[in-house]
1. Which length gain, in nm to one decimal place, applies between Glu18 and Met52 when the Cα-Cα distance is subtracted from 0.36 nm times their residue separation?
2. Give me the distance in nm between label points sitting 7 Å out from Cα along the Cα-to-Cβ direction at Gln35 and Asn8, one decimal.
3. For a quick check: sort Leu74, Leu26 by the number of other beta carbons within 10 angstrom, fewest at the front.
4. Hey, how many Å between the Cα centroid of the stretch 24-80 and the Cα centroid of the stretch 1-22?
5. Go through (1) 1.51; (2) 1.67; (3) 1.37 and flag the label whose value is the computed Rg/Rh (Cα atoms, Kirkwood Rh) for this structure.
6. Counting other Cβ atoms within 10 Å of each Cβ, which trypsin sites (Lys or Arg not before Pro) in the stretch 16-60 have at most 15 and sit in a DSSP loop?
7. If R₀ is 41 angstrom, what is the calculated FRET efficiency for the pair Leu62 and Glu27, using the beta carbon separation as r and rounding to 0.05?
Amino acid sequence: MLAENIENLVKKERREGEQIGMRKGLEQGIVKGRQEGRKEQMHEVARNLILMNLLTDAQIALASGLTEEGIAALRTTLQH
């Protein structure tokens with residue numbers, strides 16, 4: 001009887017631990033996905049502004065949130 005109660009308690013605690021772990025993993029995945037989405041959006045804005053060929057790299061960096069170095073690298077990849 002006591003052994004059975006302990007075993008049930010251990011199973012319950014394990015399930016709760018697994019649920020907590022899954023929740024934390026899901027939350028981390030959501031955060032990472034949002035960060036990647038923002039980064040993609042920043043690159044898309046920069047790419048569109050580069051293709052318009054109206055602004056300097058400094059202006060594009062300011063508008064997109066990327067660095068000037070990042071803009072220069074993106075500009076290089078678009079030219080090839």
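Bear in mind that the values in this text are calculations on the coordinates, not laboratory data. Owing to the predicted nature of the structure, the values given are computational and were not obtained by experimental measurement. Backbone-built Cβ (ideal geometry, glycine too); neighbour counts: all protein chains shown.
1. 7.2 nm
2. For the pair Gln35/Asn8, the computed spacing is 4.3 nm.
3. The most exposed by this proxy come first: Leu26, Leu74.
4. 47 Å
5. Structure-derived value, by its label: (1).
6. Filter output for the stretch 16-60: empty list.
7. 0.80
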